[in-house]
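Visitor: Dropping the structure in here first, questions after.
The values are calculated or read from the model by the stated rules, or taken from the named source; none is laboratory data. Every value quoted in this text rests on a predicted model; they were computed, and no experiment measured them. Cβ coordinates were reconstructed from backbone atoms using ideal geometry, including for glycine residues, and neighbour counts include every protein chain displayed. With ligands, DNA and RNA removed, areas are computed over all heavy atoms of the protein, side chains included. Shrake-Rupley method; radii C 1.70, N 1.55, O 1.52, S 1.80 Å.
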Amino acid sequence: MSVNQSYPLTGVKVLDLTRVLAGPLCTQYLGDLGAEIIKIENPQGGDDTRAWGPPFSKDISAYFLGVNRNKKSLALDFKSKEGFEILTELIKKSDVVIDNFKPGFWDKVGLTDEWFNKNTNSIVRNSISGYGDVGPQGGLPGYDFLLQAESGLMKITGEESGQPMKLGVAIVDIVTGLNAVISILSGLIIKNKKLNINESILTEVNLYNTGIFLLANVASNNLISNKESGRFGNGHPNIVPYNLFKTKDGQIALSVGNDKQFKKFSELIKKPEWYLNDKFKKNEHRVINRLELEKLIEVSLKQNNSEYWYDLFINANIPSAIVRSVSEALKHPQTIENQMVQNIKHPKGGTFKTLNTPMTINKKRGLSSPLSPPLLGEHSYEILKNIMKIDNEKFLELCNGGVTKDGRN
């Protein structure tokens, strides 16, 4: 990883004890910001997602490749005595330690809050869990699919007359990872203020709270009205028209956010009588009469193709979008010109395409020379030699004992 002081987290050492999605996504973000990430993996198989495929690229799953760049892999069995000793020493040398163990893990292995306070220099700790450690489900493991169900998200997703539906990506995991990034950065700010804090800075996020948080305005509607929230398909509970509409050759997404826009929209599709109709003139009335209005809109939009309507609406500042496939979106000029798809060196040779970081700092998007997602134990020798000062003979002994794995070859 190239060392460059222009990256905000250059010099920050992160010990990553997470797997699957929320935690790895978090640490990939931190790596994109310049932090040094040491990913601890079980020598027997490593991160579960290494095997989550197809598709695979040279025997490495696309899933793993997508959320593990800018990391170094240390294969370590820290359930063994020697592995645990290495883990504790690495913690002492880190600025951040992040895990997704069940609540109570650290106390169980003897690394209590008091231990962290005594043995680390105000280390920033982050814990990702399913439900946290309070409440009737505190301490239980959590999974994105189940939390989308339990938080109410499924009940507001899908067609009105259809079954509850999860989102097409693991949205609870993803946003939990982003929340973890925010909490870790907040902890680093506290640490860097040099407030003479003589204790570790513990931050916690969990999937359940994230799922509830994602209810956003729907939760506010429910809390204010005391009415159950339903499903509106692609529609919006508070704005009409805001939906997908069929065109002559496909579908277009349309968002008309206020009465002034609706007047302009009605004129553009040559239906000025709509904004003069008391049933449609104001948004609150359009919400009440949404089905009638949406049917009228679709009849009009079917007269031309999606590109025609898109150009017409965008030029008139009416928010709209053509419904694209994933392949179409990834190949779109807006995606390419924003460098949201990048080529990274493949750990087994050549390159592969992957998503880039969505943020820029001083007009730079991510590291100039990102590390490829690592092979299992690819950096075990480097880390144990340079950080732990373990010699070749001891390294071979640890490999033969199953404590670590040399993944360089």
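Visitor: Out of curiosity, is LEU90 over 26 Å from the mean Cα position of the chain (by Cα), open to solvent by less than 50 Å² (accessible area, probe 1.4 Å) and hydrophobic (A, V, I, L, M, F, W, C)?
Guide: Judged against the criteria, LEU90 is a match.
Visitor: Exactly one condition in (1) open to solvent by 60 Å² or more (accessible area, probe 1.4 Å); (2) among the polar types (S, T, N, Q); (3) under 34 Å from the mean Cα position of the chain (by Cα) is not met by THR247; state its number.
Guide: (1)
Visitor: All but one of (1) among the aromatic types (Phe, Trp, Tyr); (2) under 17 Å from GLU397 (Cβ atoms); (3) in a helix (DSSP H, G or I) hold for PHE64; which doesn't?
Guide: The one condition PHE64 does not meet is (2).
Visitor: Can you pull out every residue in region 97-139 that is surrounded by fewer than 19 Cβ atoms within 10 Å (Cβ to Cβ), hydrophobic (A, V, I, L, M, F, W, C) and touching a residue at least 24 places away in the same chain (Cβ under 8 Å)?
Guide: Once the filter is applied, which keeps residues that are surrounded by fewer than 19 Cβ atoms within 10 Å (Cβ to Cβ), hydrophobic (A, V, I, L, M, F, W, C) and touching a residue at least 24 places away in the same chain (Cβ under 8 Å), region 97-139 yields PHE101, VAL109.
Visitor: Shifting gears a bit: Answer yes if at least one residue in region 160-183 is part of a loop (DSSP other than H, G, I, E, B), crowded, with 20+ Cβ neighbours inside 10 Å and small (Gly, Ala, Ser), and no otherwise.
Guide: yes
Visitor: Let me ask you something else. Tally the residues that are within 23 Å of ALA321 (Cβ to Cβ), part of a helix (DSSP H, G or I) and either aliphatic (A, V, I, L, M) or open to solvent by 30 Å² or more (accessible area, probe 1.4 Å) (or both), restricting the search to region 250-284.
Guide: Final tally of qualifying residues: 9.
Visitor: Within the bounds of region 55-77, is there any residue that is farther than 17 Å from GLY377 by Cα, touching a Phe, Trp or Tyr at 6+ places or on another chain (Cβ under 7 Å) and either open to solvent by 60 Å² or more (accessible area, probe 1.4 Å) or not hydrophobic (A, V, I, L, M, F, W, C) (or both)?
Guide: Checked against the condition, which is being farther than 17 Å from GLY377 by Cα, touching a Phe, Trp or Tyr at 6+ places or on another chain (Cβ under 7 Å) and either open to solvent by 60 Å² or more (accessible area, probe 1.4 Å) or not hydrophobic (A, V, I, L, M, F, W, C) (or both), region 55-77 yields at least one hit.
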